[in-house]
1. Tally Lys/Arg at +1 and Asp/Glu at -1 over every other residue whose Cβ is under 12 Å from the Cβ of TYR254; what's the total?
2. Which value, in debye to the nearest 20, gives the size of the charge dipole of the range 282-368 about its Cα centre, when Lys and Arg are +1 and Asp and Glu are -1 at the Cβ?
3. Any idea what Rg and Dmax come out to for the range 290-390 if you just take the C-alpha atoms, in Å?
4. Using 0.36 nm per residue, how much length does the chain from TYR397 to GLU179 gain when fully extended, once their Cα-Cα distance is taken away?
5. In nm, to one decimal, how far is the LEU53 label point from the LEU238 one, both placed 7 Å along Cα→Cβ?
6. Just to confirm the number: angle between the C-alpha axis of helix 212-224 and the first principal axis of the chain, 0 to 90 degrees, nearest 10?
7. To the nearest 20 Debye, how big is the dipole of the chain about its Cα centre, given +1 on the beta carbon of each Lys and Arg and -1 on that of each Asp and Glu?
8. Ranking HIS377, HIS141 by Cβ neighbours within 10 Å, fewest first, what do you get?
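Throughout, read-outs are computed from the coordinates displayed, never taken from laboratory work. Computed from a predicted model, the values in this text were never measured in an experiment. All Cβ positions, even for glycine, are placed from backbone atoms using ideal geometry, and neighbour counts span all protein chains on display.
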Amino acid sequence: MPLTRKAYRAAILHSIADPAEVGIEASYEYFEDGLLVVENGQISAIGHATELLSTLPADIEITHYQNALITPGLIDTHIHLPQTGMVGAYGEQLLDWLNTYTFPCESQFADKAHADEVADIFIKELLRNGTTTALVFGSVHPQSVNSFFEAAQQLDLRMIAGKVMMDRNAPDYLTDTAESSYVESKALIERWHGKGRLHYAVTPRFAPTSTPEQLTLAGQLLGEYPDLYMQTHISENLKEVEWVKELFPERKGYLDVYDHYQLLGERSVFAHGVHLCDDECARLAETGSAIAFCPTSNFFLGSGLFNLPMAEKHKLNVGLGTDVGGGTSFSLLQTLNEAYKVMQLQGARLSPFKSLYLATLGGARALRLEDKIGTLHAGTDADFLVLDYNATPLLSYRLKQANNIAETLFVLMTLGDDRTVLQTYAAGKLVHQR
Ligand code: GUN
Ligand code: ZN
């Protein structure tokens, strides 16, 4: 294959460590006049344009952006594909919201044509918002995952998804059985896991909708294949937490249910965790499990405020999740806008560099993919964004008042959304142009 080498010149910013561990200044690299060199789908160099250019052939193709910022592609560690059509459903909290809106909406994925249509809309929406990797819930129907992976494969995206396992406490039209969920998940794993940049996640919806038999088989699947992911929900809503105690009286608490069925581990991502206690955070950290922090959803469904400082105290891996359709935006920039307010309401701060970390390298670490995505280091996948400082009249005017990259970044995360994303690149290819 001939070598394809291209360079992109603009301001460039990436997170290289967790500010909670190394301090803010050591957590990022910023090149005011930077150059990103891409070869065959990977980043081959990053640095100051003037320094790097002298090392490159004079005829290299360079795209030069003015008033723009190159960042890594954003990483959404929790989102539901089959809820694309029900974002912004009025009035209910979690358990009633599931019964009233979610289950009827997800039932439409019994139809493959519907699954294909929504997969296409969903992926376009991710890319329009600068999300290049997501950990995705399908519906209970295997075709929801087939449609998604078929569309992701065409664009060579790095994506993770799984079919929901759900064999009780849901309508008959939407339940599988412990046995059928095992067989169907296994077939999807055989077909997709490790194919190109695709990975499979074993996906029990949450403890209340799985029998002990189904949770046992979910744990068994994780032991049968290397590097499988596990995704589920935990401690999102107080009524949900009480319900889990009633359903599993023999367990110490919500996390202990998952622990008992061997669902904790380095590739396990638990969404929400709003009502976790200190011991549960310690156990998540000990097992290398991660939390997906979903601020727009936790506000919208009235679930509560995630305690990020407690997670930091335990050195717990935390990524950011939109949780569409409980969440109200596909934009991780808008999700960070809400994350900042979650911290404000708890008398704490969320620095723009911690926010950048959560949406990029933090997410990559939660998914154990930090050697491939989440930064712009040489040798990683060329998944990156071009953010436009002039995306809207207000953003353009406001950014003229910004004195440094910290202020610029914070304003981008407060005012920014899909309009801010001028271009999205995946594996070095342009996959979205505004
Ligand atoms: N808990 C179980 N299922 C769901 C879901 O679809 N969305 C959210 N936010 N929480 C859940
Ligand atoms: Zn969710």
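1. Numbers: positive: LYS245, ARG251, LYS252, ARG283; negative: GLU236, GLU240, GLU242, GLU246, ASP256, ASP259, ASP279, GLU280.
My count for the surroundings of TYR254 gives -4.
2. Values: 8 positive and 4 negative charges, 53 e Å.
Magnitude of the dipole: close to 260 debye.
3. Cα-based Rg and Dmax for the range 290-390 come out at 13.8, 42 Å.
4. Computed gain between TYR397 and GLU179 is 72.6 nm.
5. In this crude spin-label approximation the distance works out to 6.1 nm.
6. 40 degrees
7. Working: 33 positive and 53 negative charges, 150 e Å.
Rounded to the nearest 20 debye, it is 720 debye.
8. Values: HIS377 16, HIS141 24.
Ordered from fewest to most neighbouring Cβ atoms within 10 Å, HIS377, HIS141 come out as HIS377, HIS141.
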